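Asker: If you scroll down you'll find the structure; I have some questions about it.
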């Protein structure tokens, strides 16, 4: 199935439109996302990433251009229907936890959408199993780690059985372990359900896992392509204020001192593999 | 000190009282508060005290824990007790040491008021100790249901309550962090004259407010994205379940009222 799940067509959005000196946060942006893709939207602070997220779920409407989601034009009328088909996880784990306990929080979106009680119980359990938090039904948020809270937030989104999951800097406030937990959860979910994921991030290591990367700068699309293609344009990324993944920086540095490594390495394992077989291959 | 306080704390458990429907428990407490005022003699206060201890026993919350947790309340209790003893001048004179004169009626009143106070504090504490805040909120929402007719935003009130409860620990943590951050910058909150201490709280409160507003905004966004559109058309994940024991508890309460009226002087 190759249908388009989300598309932006010449979208421009400016905060405080009346003020001429304010530059548009998103400027003439066009892209489309296929059903089942994992897209990473990367960019430095102020590149317009968060505005894009808000445009995607109808918290903001573009001043010019069109946003389409699930085949519908985003408008006041279609808004709630579109929202019921997408889940969104935000940056701060604490500020999006609505329920008093894990299960209440997961059920929140279901309650809003009027899902009957029996169905809710099933879906809450199912969603929590998907993120491996089924043992924490009655836990309160302040007894959970950041990574666990974000997984609960993902479960809260999944309970609605969405077609699209948007992660808006969902890992940026987490410690490395929490970040791994969340990324691993997303990977497994993708494997199991083929869910479409848009992850908005400034962490290129996370972006490296995606099928396609969109690099944003000052409200415009700077680069687009598969992760390895995007990462090959190393300096350009660094100039945009983005840090290359450690393994790639290492590769670049090794090349600079004259060690002829073969490919680009997106993970440390790949790099290590090449390094320890380096001499034997020669 | 905060750890020992049991006001508003919930102790999970599986006792008879824990299993009761929050609606029943809340109604029970309110009716009980009214009933307490029927008592006016040694026997009736004795019955009340006995009944309360029975409830505590049924809740399987240790009396020691309860008393220990309510220490701050006891200070108030002793204060009212002494007030009654010293300022009621009726009945026979019992003690007369210089300026201290204790009369029989004063002693009686002091004991009665203390028992009344104690019983009320115990019963309300048992309510909050055995019912999770979220259940209390649910109970209140249902009990206030009829007031929707007069345009009381019952659902919104209940949601506000549950969100406030949910954020108490978060904001407590935050306060701790800000406190440490300010202490690291040399602010001194714990000492000096009262005026200085109050002034020192300001740099604590302002960041707390700023962050609370930020959180509120984030939360509102998250709620909207998750499809929150007010109470209409919403279903409930938590179902309340009125059982025989709940009806029985209220019957018992009516019985108690009857007994108290009978023994009343």
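The values are calculated or read from the model by the stated rules, or taken from the named source; none is laboratory data. Just so it is clear, the structure is predicted and the values come from calculations on it, not from any experiment. Methodologically, a virtual Cβ is constructed for each residue, glycine included, from the backbone with ideal geometry; neighbour enumeration extends over all protein chains shown.
Asker: From B:72, B:22, which residue is under 16 Å from the mean Cα position of the chain (by Cα), exposed (fewer than 14 other Cβ atoms within 10 Å of the Cβ) and under 21 Å from residue B:130 (Cβ atoms)?
Answerer: Checking each option against the conditions leaves just B:72.
Asker: So, one more: Answer yes or no as to whether residue B:246 is in the same structural domain as residue B:21 (by TED's automatic domain parsing) and either buried (at least 16 other Cβ atoms within 10 Å of the Cβ) or touching a residue at least 24 places away in the same chain (Cβ under 8 Å) (or both).
Answerer: For residue B:246, the condition - in the same structural domain as residue B:21 (by TED's automatic domain parsing) and either buried (at least 16 other Cβ atoms within 10 Å of the Cβ) or touching a residue at least 24 places away in the same chain (Cβ under 8 Å) (or both) - is met.
Per-residue answers, yes or no, for (1) under 19 Å from the mean Cα position of the chain (by Cα); (2) under 30 Å from residue B:231 (Cα atoms); (3) within 14 Å of chain A (Cβ to nearest Cβ):
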{"site": "B:106", "(1), (2), (3)": "no, no, no"}
{"site": "B:120", "(1), (2), (3)": "yes, no, no"}
{"site": "B:127", "(1), (2), (3)": "yes, yes, no"}
{"site": "B:138", "(1), (2), (3)": "yes, yes, yes"}
{"site": "B:143", "(1), (2), (3)": "yes, yes, no"}
{"site": "B:152", "(1), (2), (3)": "no, yes, no"}
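Asker: Something else now. Scan the range B:163-186 for residues that are farther than 21 Å from residue A:105 by Cα and either under 26 Å from the mean Cα position of the chain (by Cα) or surrounded by 15 or more Cβ atoms within 10 Å (Cβ to Cβ) (or both) and jot them down.
Answerer: Those that are farther than 21 Å from residue A:105 by Cα and either under 26 Å from the mean Cα position of the chain (by Cα) or surrounded by 15 or more Cβ atoms within 10 Å (Cβ to Cβ) (or both): B:174, B:175, B:176, B:178, B:179, B:182.
Asker: Return the only residue of A:124, A:102 being at pLDDT 90 or above and at the interface with another protein chain (Cβ under 9 Å from one of its Cβ atoms).
Answerer: A:124
Asker: Please state which one of B:77, B:54 is surrounded by 14 or more Cβ atoms within 10 Å (Cβ to Cβ) and part of a helix (DSSP H, G or I).
Answerer: Among B:77, B:54, only B:77 is surrounded by 14 or more Cβ atoms within 10 Å (Cβ to Cβ) and part of a helix (DSSP H, G or I).
Asker: Only one of B:216, B:200 is within 14 Å of another protein chain (Cβ to nearest Cβ), modelled with pLDDT under 95, in a helix (DSSP H, G or I) and out of contact with any strand residue (DSSP E or B) (no Cβ under 6 Å at 6 or more places or on another chain); which?
Answerer: Of B:216, B:200, the one residue that is within 14 Å of another protein chain (Cβ to nearest Cβ), modelled with pLDDT under 95, in a helix (DSSP H, G or I) and out of contact with any strand residue (DSSP E or B) (no Cβ under 6 Å at 6 or more places or on another chain) is B:216.
Asker: Are there helices (runs of 4 or more DSSP H) fully within the range A:52-134 with at least 1 residues that are under 30 Å from residue A:16 (Cβ atoms), without any contact (Cβ under 8 Å) to a residue 60 or more places away in the chain and not assigned by TED's automatic domain parsing to the domain that holds residue A:157? List them.
Answerer: A:79-83
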